[in-house]
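The structure under discussion appears below in the form of structure tokens.
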Amino acid sequence: MTYTSAKPPLPETAEELRARIPGWGVDLDPADRPSVPREALDPEANGAHWEFPERQLDDGRRERSIEHAMLTPVFGTSCPTRGLSGVVRRLAYRRYSEARAAHWLLLIGADRIDATEAHLRSFATLRPDQPFTQTGLRSEVSGHGWSSRVRRRRADLAHLWLDPIIVGGPWLAAAAAIVLGVRRVVGIRRRS
């Protein structure tokens, strides 16, 4: 059931529940409940003045969790879906509840796919990504990076050896794939 302010209907009536469960419904009498004044939806009683705002037009391309009946009246798209990462994000929202780990794992995977797509798109521009300067490798050599990492008690020393693999590994793998591809093309041309 989607999250709405309307209370869902009970599967059994109050009398059936009271007959089946001892003590059920002891708080049905408003005189027994101290929270009754807060349960009444009366915005004028506490001075709040709010009206439901005019709804923003929805073109259907905005993700909406399956738990919610509708989008909020005003919404933004800070990360419009596109490419393979958009397909994965739409799958996460369309198929899985936010309470499921699969939903969040798909969104994390979509972020990684989006980062890879952004790196690949950068090669089509006049200023492609520069892994040595943008990942901080230059500052590790010139800005006392190594001594600041090793000489102090830092929490990231445990995974220090992983950093070059995580940061540089994809770039080295891409370079190796290009070299192997070029060697294969040159080898095919030599045989011809």
Open item on the list: ALA155 - would you say it is within 24 Å of VAL167 (Cα to Cα), loosely packed, with under 11 Cβ neighbours inside 10 Å, of a type in the set (Gly, Ala, Ser) and at pLDDT below 80?
Closed with: yes
Open item on the list: I'd like the full set of residues that are without any contact (Cβ under 8 Å) to a residue 60 or more places away in the chain and in contact with a Ser or Thr (Cβ under 8 Å, 6 or more places away or on another chain), limited to the range 46-84.
Closed with: ARG61, ARG62, GLU63, SER65
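Could you grab me the full set of residues in the range 87-112 that are in a helix (DSSP H, G or I) and hydrophobic (A, V, I, L, M, F, W, C)?
Those that are in a helix (DSSP H, G or I) and hydrophobic (A, V, I, L, M, F, W, C): VAL87, VAL88, LEU91, ALA92, ALA101, ALA102, TRP104, LEU105, LEU106, LEU107, ILE108, ALA110.
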- [ ] Just name the residue that is surrounded by the most Cβ atoms within 10 Å (Cβ to Cβ) out of those in the range 13-41 that are more than 36 Å from the chain's Cα centre (by Cα), of a type in the set (D, E, K, R) and modelled with pLDDT under 80.
- [x] ARG33
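The values are calculated or read from the model by the stated rules, or taken from the named source; none is laboratory data. Please read all numbers here as calculations on a predicted model, not as lab measurements. Note: ideal-geometry Cβ built from the backbone for every residue, glycine included; neighbour counts use all protein chains shown.
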